[in-house]
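These notes concern the structure reproduced below.
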Amino acid sequence: MGRVLAVALVATAGCSQQGPDTDAPKATNPLGEKPVDSHVFIMQSLEGLRTQTSTHAATWHLGKEASWAADQDTGHIRFNFADGTIAEADLQIVGTYNTLDGTFLWGWDHPSVAEPLRKHASLAKEFGEKHGLYKFTEGKVKCSEDDAWEFTAVAARLGKANGAYRGPAGTALVYITFGKVKLSRP
């Protein structure tokens with residue numbers, strides 16, 4: 001949990017002002033074969049993440065946890081529920097959103113994110129490079145929380161994650177993707 005707190009502290013520093021995206025060129029689908037429109041890919045990624053989140057909410061009550069913790073040393077996220085149920089999964093850190101200045105600091109460029117937990121964020125960066133999307137390729141960008149969810153949805157899709165979570169850490173929001181969920185009940 002100490003590293004997550006450090007993530008929140010670093011997320012509040014500085015701001016990088018960037019220009020708007022230009023018309024992004026079509027590129028090869030990051031999951032294979034034919035050309036894809038980046039906007040369509042992002043919207044499909046968001047819809048897929050919404051579906052995953054609804055399923056997790058219905059099956060093990062994601063969103064109703066009493067507490068959560070991310071451990072960068074083990075690479076796990078843990079959700080604790082009031083009835084004693086614990087849900088655990090492997091995690092990747094996409095980045096942090098600073099609620100004070102409206103900036104997103106990508107996990108692939110975040111000094112407080114352990115190297116092994118940057119993989120999904122790095123996949124999103126590669127997607128941005130292929131499609132000319134500066135918000136995916138600049139380490140820190142001015143954006144909205146909706147943009148941060150778009151970044152997370154793309155990272156989750158490219159990393160074949162089982163879901164994603166946005167957890168508060170002081171004035172920052174930590175955007176995380178997670179793998180297969182293991183439940184234990186008292």
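Here is how the numbers come out for the structure above:
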| quantity | calculated |
| --- | --- |
| Condition check for G19: at pLDDT below 95, closer than 23 Å to F136 by Cβ and among the small types (G, A, S) | yes |
| Inter-residue pairs, beta-carbon under 8 Å, first closer than 10 Å to Y97 by Cα and modelled with pLDDT of 95 or more and in the stretch 128-145, second charged (D, E, K, R) and not in a loop (DSSP other than H, G, I, E, B), 6+ apart | K140/D109; V141/K135; V141/D147; C143/K135 |
| Filter result for the condition that a residue is buried (at least 17 other Cβ atoms within 10 Å of the Cβ) and modelled with pLDDT under 60, over V94, V7, V113 | V7 |
| In the stretch 113-127, the residues that are in contact (Cβ under 8 Å) with a residue 24 or more places away in the chain and of a type in the set (D, E) | E126 |
| Flag for L62 being in a loop (DSSP other than H, G, I, E, B), touching a residue at least 12 places away in the same chain (Cβ under 8 Å) and within 16 Å of G163 (Cβ to Cβ) | yes |
| Within the stretch 119-143, considering residues that are surrounded by fewer than 21 Cβ atoms within 10 Å (Cβ to Cβ), of a type in the set (G, A, S) and more than 19 Å from V40 (Cα to Cα), the one farthest from the chain's Cα centre (by Cα) | G139 |
| Subset of the stretch 72-84 (residues that are among the β-branched types (V, I, T) and either in a strand (DSSP E or B) or over 21 Å from the mean Cα position of the chain (by Cα) (or both)) | I77 |
| Qualifying residue in the stretch 102-118 (condition: of a type in the set (A, V, I, L, M, F, W, C) and more than 17 Å from the chain's Cα centre (by Cα)) | no |
| Flag for G170 being in contact with a Pro (Cβ under 7 Å, 6 or more places away or on another chain) and either farther than 13 Å from Q92 by Cα or of a type in the set (D, E) (or both) | no |
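For (1) buried (at least 22 other Cβ atoms within 10 Å of the Cβ); (2) aliphatic (A, V, I, L, M); (3) touching a residue at least 40 places away in the same chain (Cβ under 8 Å); (4) touching a Leu at 6+ places or on another chain (Cβ under 9 Å), each residue gets a yes or a no:
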| position | (1), (2), (3), (4) |
| --- | --- |
| T103 | yes, no, yes, no |
| F151 | yes, no, yes, no |
| A156 | yes, yes, yes, yes |
| G167 | no, no, yes, yes |
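The values are calculated or read from the model by the stated rules, or taken from the named source; none is laboratory data. Remember, it's a predicted structure, so these values are computed and weren't measured experimentally. Backbone-built Cβ (ideal geometry, glycine too); neighbour counts: all protein chains shown.
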